[in-house]
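To start, the structure under review is shown below, and the notes come after it.
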Amino acid sequence: MKLICIGRNYAAHIEELENEKPSDPVIFLKPDTAILLKKQPFFIPDFSSNVHHEIEVLVKINRVGKHIDKKFAHKYYNQISVGIDFTARDLQSELKSKGLPWEKAKAFDGAAVVGNWIDKSEITDVNNLDFSLLKNDEEVQKGNTGLMLWKIDEIIEYVSKYFTLKIGDVIFTGTPAGVGKVDVNDKLKGFIGEQELFSVTVK
Ligand code: MG
């Protein structure tokens, strides 16, 4: 399986990193080895001194598809969660300045937290979902999927032009504002509404 990640999908986050607003979605991949195993701590890698949390809504693909029209995109996923796209921001800035790919900063082992899944049937409107990240019990990021520049169905249409979507693939739909550094012993908890879907300790 693969993790397909969308960058720069919330206007306020684009502003906080002083990035340009993209004319098309920004896409990158993480390998399955990036998934942080359940109940394991996240270890800050020794090649970075500025790892950021990015909470994101996740979508799990349940049908094989290519060139999916956005009208039919809702048939290709059945579960929703939140996760963290951990990013070695110092390394990413260096790679960006050289025009190089971001993988070393984004796709390293443990860099993808995947929360517990909720069936889509339990969700009234996927385009109006509140989600948030608590760091040491204080809210540091919150978003609503209504503020995405590209909505879930549009993301599925766009990414499936390039990559065949397979059962079990996970899409990270982009982070809202409020990204920040994690430190040893931080405790990160991700929520959709009031429902806690993951808890991770930083080591
Ligand atoms: Mg991200």
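Numbers below:
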{"item": "GNM top mover of Val64, Val113, Val182 - the chain, alpha-carbon springs below 10 Å", "result": "Val64"}
{"item": "FRET efficiency, Asn185 to Glu103 (Cβ-Cβ, R0 35 Å, nearest 0.05)", "result": "0.80"}
{"item": "Estimated dipole of region 3-201 in Debye, rounded to 20 [Cβ of Lys and Arg +1, of Asp and Glu -1, Cα centre]", "result": "700 debye"}
{"item": "Region 152-198: C-alpha gyration tensor shape, a/c 1.5 cut-off, then a/b vs b/c", "result": "prolate"}
{"item": "Overall form of region 70-115 per C-alpha gyration tensor (a/c, 1.5; a/b vs b/c)", "result": "oblate"}
{"item": "Whether region 71-203 is rounded, prolate or oblate, judged on the alpha carbon gyration tensor where a/c under 1.5 counts as rounded", "result": "oblate"}
{"item": "For peptides 51-62, 186-197, sequence by mean Cβ density within 10 Å, most packed first", "result": "51-62, 186-197"}
{"item": "Potential extension, Ala12-Ser121 segment - 0.36 nm per residue separation minus Cα distance", "result": "36.3 nm"}
{"item": "Anchor Lys120: lysines whose Cα lies under 23 Å away (excluding residues fewer than 8 positions away in-chain)", "result": "Lys2, Lys38, Lys60, Lys66, Lys70, Lys71, Lys75, Lys142, Lys151, Lys166, Lys189"}
{"item": "Relative contact order of the chain, pairs being alpha-carbon contacts under 8 Å that are 6 or more residues apart, as %", "result": "34 percent"}
{"item": "Of Thr173, Thr33, Thr145, the one that fluctuates the most in a GNM where the chain has Cα springs shorter than 10 Å", "result": "Thr33"}
{"item": "For Gly174, residues with placed amide H under 5 Å, excluding near neighbours", "result": "Ile6, Val57"}
{"item": "Alpha carbon centroid spacing (whole Å) that separates region 124-203 from region 16-88", "result": "8 Å"}
{"item": "Helix-only [θ]222 nm of the chain, DSSP H runs n ≥ 4, -39500 (n - 2.57) each, per residue, nearest 500", "result": "-4000 deg cm²/dmol"}
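Readers should treat all values here as calculations from the given coordinates under stated rules, not as data from a laboratory. Bear in mind that the values here come from a model prediction, so they are computed numbers and not experimental data. Here the Cβ is made from the backbone with ideal geometry for all residues, glycine too, and neighbour counts use every protein chain on show.
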